[in-house]
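A.B. asks: Take a look at the following structure, please.
The values are calculated or read from the model by the stated rules, or taken from the named source; none is laboratory data. This structure is a prediction, so every number in the text was calculated from the model and none was measured. Cβ: placed from backbone, ideal geometry, glycine included. Neighbour counts: every protein chain shown.
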C-alpha cells in the first residue's frame with residue numbers, strides 16, 4: 001500500500017522513497033538508504049535482524065532485548081508486558097511507539113528523558129512525521145517501523161554519524177502485540193556513544 005507524504009519537512013518523494021526503503025529493509029538491501037545518508041552527510045547505517053544480546057554494545061539495550069526474549073515465549077510479547085516498573089532500568093532511554101492508521105504514521109507514547117536530553121527534542125504524544133531531525137533519519141525510522149509491522153521481530157540498527165559529539169547511535173526495536181496478534185507497540189532502546197566509544201549518559 002502506498003503511503004501519503006507526511007509533511008512538508010520530509011522532503012520530496014524522489015529523495016526519500018519510504019515505500020521503497022521499507023521493501024529494501026525487508027529484503028536486506030541497504031544501498032538506497034545508505035546512499036541517501038551519505039548524500040546528507042549522516043554517516044553509516046547498519047541493520048541486524050533478530051540479534052543476539054551479545055551483539056549490542058549498550059548494557060541498557062541488552063537488558064531490553066533480554067527482557068523481550070524472556071517475555072516472548074512461543075509468540076511475541078503481549079502489549080501488557082510494556083510495564084514501566086519492570087522496564088525501570090531502561091526507562092529514560094526508551095521510546096514507546098504505536099502505529100497510527102495502520103502505519104501511515106507512528107505516535108510516540110513515550111519519549112525517554114535521556115533521549116530528549118541528548119537529542120534536544122521532547123516528542124511524547126507527537127507523531128514521527130513531525131520529528132525535526134533530518135528527513136533521511138526520520139524516513140528510515142518510518143520505513144523500519146513499517147517493516148517491523150509487516151514482519152515482527154527484534155531489529156538492531158546502528159548509525160555511525162558524522163555530526164555532533166556522537167560516534168555511534170545504537171537502537172534496538174522490539175515489537176509487542178495485542179490479543180489479536182497485531183503489532184500494538186514498538187519499544188525502542190536508544191544509546192549514544194562518544195568518540196571514545198563511551199556511552200553518553202545524562
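A.B. asks: Could you tell me which residue of the stretch 35-54 is farthest from the chain's Cα centre (by Cα), considering only residues that are at pLDDT 95 or above and part of a helix (DSSP H, G or I)?
C.D. replies: The selected residue is 54.
A.B. asks: Related question: Please go through the stretch 148-162 and give me each residue that is surrounded by fewer than 17 Cβ atoms within 10 Å (Cβ to Cβ) and more than 13 Å from the chain's Cα centre (by Cα), ordered by number.
C.D. replies: 150, 151, 160, 162
A.B. asks: Of the conditions (1) under 19 Å from residue 148 (Cα atoms); (2) over 17 Å from the mean Cα position of the chain (by Cα), residue 70 clears all except one; give me its number.
C.D. replies: For residue 70, the exception is condition (1).
A.B. asks: Could you list, in sequence order, all residues of the stretch 23-54 that are touching a residue at least 60 places away in the same chain (Cβ under 8 Å), surrounded by fewer than 14 Cβ atoms within 10 Å (Cβ to Cβ) and closer than 21 Å to residue 188 by Cα?
C.D. replies: Selection gives 46, 50.
A.B. asks: Enumerate the strands (runs of 3 or more DSSP E) found wholly within the stretch 110-202, keeping only those where 3 or more residues are under 23 Å from residue 40 (Cα atoms) and out of contact with any helix residue (DSSP H, G or I) (no Cβ under 6 Å at 6 or more places or on another chain).
C.D. replies: Correct list: 155-160, 168-177.
A.B. asks: In the stretch 147-189, what residues are touching a strand residue (DSSP E or B) at 6+ places or on another chain (Cβ under 8 Å) and over 21 Å from residue 30 (Cα atoms)?
C.D. replies: 166, 175, 176, 177, 178, 179, 183, 184, 185, 186, 187, 189
A quick yes/no check of all residues on (1) in a loop (DSSP other than H, G, I, E, B); (2) surrounded by fewer than 20 Cβ atoms within 10 Å (Cβ to Cβ):
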position	(1), (2)
66	no, yes
69	no, yes
102	yes, yes
106	no, no
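A.B. asks: Return the total of residues in the stretch 115-140 being touching a strand residue (DSSP E or B) at 6+ places or on another chain (Cβ under 8 Å) and under 13 Å from residue 104 (Cα atoms). Before the answer, list the steps.
C.D. replies: So in the stretch 115-140, the residues touching a strand residue (DSSP E or B) at 6+ places or on another chain (Cβ under 8 Å) come out as 115, 118, 121-129, 137, 140.
Narrowing the set further to residues that are under 13 Å from residue 104 (Cα atoms) leaves 127-129.
Qualifying residue count for the region: 3.
A.B. asks: Step by step: first the residues of the stretch 101-115, then only those that are more than 15 Å from the chain's Cα centre (by Cα) and at pLDDT 90 or above, then the one that is farthest from residue 143 (Cα to Cα). Which residue is that? Spell out how you get there, then give the answer.
C.D. replies: Going through the stretch 101-115, the residues more than 15 Å from the chain's Cα centre (by Cα) turn out to be 101-102, 104, 113-114.
Filter once more, keeping what is at pLDDT 90 or above: 101-102, 104, 113.
Numbers: 101: 15, 102: 13, 104: 10, 113: 24 Å.
Here the residue is 113.
A.B. asks: Looking at the stretch 165-173, is at least one residue surrounded by 19 or more Cβ atoms within 10 Å (Cβ to Cβ), touching a residue at least 60 places away in the same chain (Cβ under 8 Å), over 12 Å from the mean Cα position of the chain (by Cα) and more than 23 Å from residue 57 (Cβ to Cβ)?
C.D. replies: no
A.B. asks: Looking only at the stretch 83-98, decide whether some residue is under 18 Å from the mean Cα position of the chain (by Cα), at pLDDT 95 or above and farther than 26 Å from residue 179 by Cα.
C.D. replies: no
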